[in-house]
Amino acid sequence: MLEWREYIEIFTAIIVIVDPLGLLPIFISITADETERERARTAKVAVTFAAIVMIVGSLVGGPLLRLFGISIASFRVAGGLLILILALAMLNAKISPSKQAPEEAREAVEKENVAVVPLAVPLLAGPAALSTIIVYSQSTPGWGIKLFLILSIIVVAFITWIMLRLSNVISRKLGQTGLNNVTRLMGLILAAIAVEFITGGLGQLFPGLK
C-alpha cells in the first residue's frame, strides 16, 4: 500500500508527461482545416486511443519486461533518461524529438486523419509516458497500483479532452508566452521525477551507492 503523497506523485507524473497544455498549439495547427465538429471527433478519438494504449501498457508492460529479461531497475534508469530528455525540451518550451521529430511534424500537417497518429501516439501516449506508467505499475505488487493507474489515465484523458475542446479559448487567454511558462514549470517537475527514477534504478542496480 502506497502513501497518499505517492499516489499524488503518480497522478502528477502522468498529467505532466502527457502535457495537454503543451499539445494545444500542435492540435490547433494540425486541425486548422477541420470544422468544429471534425475537431471534436479528432479530440475524442485521440484521447480515447491514447488512454487505451496507456492502460494496455500498464497491464502488459511488466510481463513484456520479464519476457525480454529486462529488470525493472534497468528500465527505471532507461525510462528516467528518456523522461529527462523530454523534461529538458519542455524547459525550453519545445517538443522533444522523442515525442515528435521535425519530419513527423511536417507530415502531420499534410495528414487527413491525425487523431491516432500523431495525436494519440506519440504526442499523448509516447515512449516517455509509457515508460512512466510501466515503472509505476511494477513499483508495488498487487492490483491496487494498477487500478489506480487505470483510474489516473482515465481522469487525465478526460482533462485532456476538455482542454483540446477548449483549445482556442485557452490559447487566447494564456497566449503563447503563458503556454510556454506553464510548459516550463511542468518540465521542471518532470525533471525531478526523472532524477527520482534514475537514482532509484541505480540504487537497485548498485546497492553500494546507497
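None of the figures in this text is laboratory data; all of them are computed from the coordinates on show. Quick caveat, the model's predicted, so the values are computed rather than measured. Glycine gets a Cβ as well: all are built from the backbone with ideal geometry, and neighbour counts include every protein chain shown.
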Checklist entry - Given springs between every Cα pair under 10 Å in a Gaussian network model of the chain, which of Leu119, Leu130, Leu179 has the largest fluctuation? => result Leu179
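Counting only helical runs of four or more DSSP H residues, what would the 222 nm mean residue ellipticity of the chain come to if each run contributes -39,500 (n - 2.57) and the total is spread over all its residues? The partial results should precede the final answer.
Numbers: 8 runs with 159 residues, N = 210.
That calculation yields -26000 deg cm²/dmol at 222 nm.
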Item to check | Binned Cα-Cα distance frequencies in the stretch 4-203 - 10 Å width, integer % | outcome: 9, 36, 37, 15, 3, 0
Next on the checklist: Quick check on the exposure proxy: order Val121, Val114, Val18 from fewest to most C-beta atoms within 10 angstrom.
Outcome noted: Val121, Val114, Val18
Checklist outcome for this item: Residues of the stretch 1-39 with backbone N under 14 Å of the label point set 7 Å from the Cα of Val155 along Cα→Cβ are 4-16
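Given charges of +1 on the Cβ of Lys and Arg and -1 on the Cβ of Asp and Glu, with all other atoms neutral, how large is the dipole of the chain about its Cα centre, in debye to the nearest 20?
Details: 17 positive and 14 negative charges, 58 e Å.
In debye, rounded to 20, the chain gives about 280.
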Checklist entry - Just how far, in whole angstrom, is the stretch 119-156 from the stretch 1-33 if you go by their alpha carbon centroids? => result 11 Å
Checklist entry - Arranged by the count of other C-beta atoms within 10 angstrom, fewest first, what order do Asp19, Asp33 take? => result Asp33, Asp19
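Please work out the FRET efficiency for the pair Leu209 and Thr177, using the Cβ-Cβ distance as r and a Förster radius of 30 Å; give the result to the nearest 0.05.
Numbers: r = 41 Å, r/R0 = 1.37.
E(calc), rounded to 0.05, equals 0.15.
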Checklist entry - So what's the angle, to the nearest 10 degrees on a 0 to 90 scale, between helix 127-137 and the longest Cα principal axis of the chain? => result 40 degrees
